[in-house]
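Notes to accompany the following structure.
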Amino acid sequence: DTAVSQTPKYLVTQMGNDKSIKCEQNLGHDTMYWYKQDSKKFLKIMFSYNNKELIINETVPNRFSPKSPDKAHLNLHINSLELGDSAVYFCASSQVGAQYNEQFFGPGTRLTVL
Amino acid sequence: TQLLEQSPQFLSIQEGENLTVYCNSSSVFSSLQWYRQEPGEGPVLLVTVVTGGEVKKLKRLTFQFGDARKDSSLHITAAQPGDTGLYLCAGAAGGFKTIFGAGTRLFVKA
């Protein structure tokens, strides 16, 4: 059973298009995250939801809109895709009540904008 | 702003060699975590260190948290090709936020 799953694994699209990435966790965690990993492998947080409430919103363009329909799901919609959006996007979850906020990551979605 | 600096950025060694990866900061962290990421996959948690001076062992991997809780190291004994990957340190930055170092890319040649 996959703990944190993301779809799709790969996404290739043209500049200007709108796309969505979906994430689901079956760990019973109350917090979910979206991270962006650039070509240099630097992992940077974008958003975090705790019990469906947005709690972290880093400096991310408004074209990125997360949505959490319930605690187990966190989706990411991106409007008007740009070349610079090409990266690997990781979903993660954690149980904030746990002592160290250890995070469990999905397999990533490699987004390529042409 | 809290930052975690990792060194070296890249490391290519022969199977059987030992190595150490460092994670340093000017800030104090309540805990630090080490993750390993293999190509095409997400990071996987290896260990969390909490107490200053703490040493944890995971088979051939030894993790140490600095006395002042500002730095950590990962030592691998007799590296194997299966150890190849990106090693990331991470620390709690307040609230729900975790910050990650830029990572050390390790390649172990057979």
- Looking only at segment A:67-90, decide whether some residue is within 11 Å of chain B (Cβ to nearest Cβ) and of a type in the set (Ser, Thr, Tyr). yes
- When segment A:14-41 is examined, which residues are found to be part of a strand (DSSP E or B), closer than 15 Å to A:Tyr89 by Cα and hydroxyl-bearing (Ser, Thr, Tyr)? A:Ser20, A:Tyr33, A:Tyr35
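With respect to A:Lys44, is the statement that it is within 13 Å of chain B (Cβ to nearest Cβ), in a strand (DSSP E or B), free of Cβ contacts under 8 Å to residues at least 60 places away in the same chain and charged (D, E, K, R) true?
Yes: the conditions hold for A:Lys44.
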- Task: Look through segment B:42-63, keep the residues that are outside any strand (DSSP E or B) and within 18 Å of B:Ala102 (Cβ to Cβ), and return whichever of them is nearest to the other protein chains (Cβ to nearest Cβ).
- Result: B:Gly42
- Query: Which residues, counting only those in segment B:10-31, are in a loop (DSSP other than H, G, I, E, B) and of a type in the set (A, V, I, L, M)?
  - Reply: B:Val28
- Message: Can you tell me how many residues within segment A:64-99 are buried (at least 19 other Cβ atoms within 10 Å of the Cβ) and part of a loop (DSSP other than H, G, I, E, B)?
- Response: 1
- Number of the exception - B:Trp34 against (1) within 14 Å of chain A (Cβ to nearest Cβ); (2) assigned to a loop (DSSP other than H, G, I, E, B); (3) touching a residue at least 12 places away in the same chain (Cβ under 8 Å): (2)
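Just so you know, all these numbers are worked out from the coordinates, no wet-lab data involved. Since the structure is predicted, the reported quantities are computational estimates derived from the model, not experimental observations. Every residue, glycine among them, receives a Cβ derived from its backbone with ideal geometry; neighbour counts consider all protein chains shown.
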